Amino acid sequence: MAKKPASAPAPSSPARKPAAGPAKPAAAPVASTPVRNTPVPKPVARPIGATSNTGPRREITHADIAKRAYEIWASGKGGSETDNWLRAERELRAGL
């Protein structure tokens, strides 16, 4: 005759639950922040090195200064050639 498989022995004591650790404190309520009623402004993408929103800087050429110096002279409110040139250069550089 064939042998019957051995069954697991019956536990001699009832199953124990693991001992409970220290009680965990209840979670504190989360503080909410006020809701914004206006949309968050989007950042403005600027080229590297640009200091204003007017776009990339344009280099002032000799011809630009000469043209502005002529305009100052033609207006009749200029001074000497050197004064007109320096004024034109100053105005064009300030306009950047």
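Every read-out reported here was derived from the displayed coordinates using simple, explicitly stated rules and does not represent laboratory data. Bear in mind that the values here come from a model prediction, so they are computed numbers and not experimental data. Backbone-built Cβ (ideal geometry, glycine too); neighbour counts: all protein chains shown.
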Exercise. If you go through the range 61-85 one residue at a time, how many are aliphatic (A, V, I, L, M) and out of contact with any Gly (no Cβ under 9 Å at 6 or more places or on another chain)?
Worked result: 4
For this session: Select from the range 57-89 the residues that are of a type in the set (Val, Ile, Thr) and surrounded by 11 or more Cβ atoms within 10 Å (Cβ to Cβ) and list them in ascending order.
Result: Ile60, Ile65, Ile72
